[in-house]
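Colleague: My structure is below; once you've seen it, I'll send some questions.
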Amino acid sequence: MIQGVEVGVGEVAEALLARVRAARLGLAAAVAAEDPYAAAVAQDELDDAVRFARRHGLDVEVGGANEE
């Protein structure tokens, strides 16, 4: 841990959930723009965000470009 920096568990969880929300919005925007490359990049970001969140004990759904 970096000396002098303390981050609570709740703050980490909220940051991870915010990353998942942002990734979902990015994916939705890429799909709406009909940009296959941006959608693929956004899907990868969502997958990473969900994986990190789950690794830290958060229950999140993956979602994806195919979901409505």
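The values are calculated or read from the model by the stated rules, or taken from the named source; none is laboratory data. Because the structure is predicted, anything quoted here is derived from the model rather than measured. A quick note on method: Cβ atoms are made from the backbone with ideal geometry, for glycine too, and the neighbour counts reach across all protein chains shown. Protein only, heavy atoms only, side chains kept; ligands, DNA and RNA dropped before computing areas. Shrake-Rupley method; radii C 1.70, N 1.55, O 1.52, S 1.80 Å.
Colleague: Give, as a single signed number, the net charge of other residues whose beta carbon lies under 12 Å from the beta carbon of residue 20, with Lys and Arg counted +1 and Asp and Glu -1. Don't skip to the answer; put the middle values down first.
Modeller: Numbers: positive: 19, 21, 24, 51, 54; negative: 14, 45, 47, 48, 59, 61.
Neighbour charge sum, excluding residue 20 itself: -1.
Colleague: While we're looking at this one, here's another question. Computing the accessible area with a 1.4 Å probe over protein heavy atoms, can you report the carbon and sulfur percentage for the stretch 10-53?
Modeller: Working: 1670 of 2580 Å².
It is 65 percent, rounded to a whole number.
Colleague: Which net charge results for the neighbourhood of residue 49, defined as the other residues with beta-carbon distances under 15 angstrom from its beta-carbon, given Lys and Arg at +1 and Asp and Glu at -1?
Modeller: Working: positive: 19, 21, 24, 51, 54, 55; negative: 14, 44, 45, 47, 48, 59, 61.
Overall, the nearby charge balance is -1.
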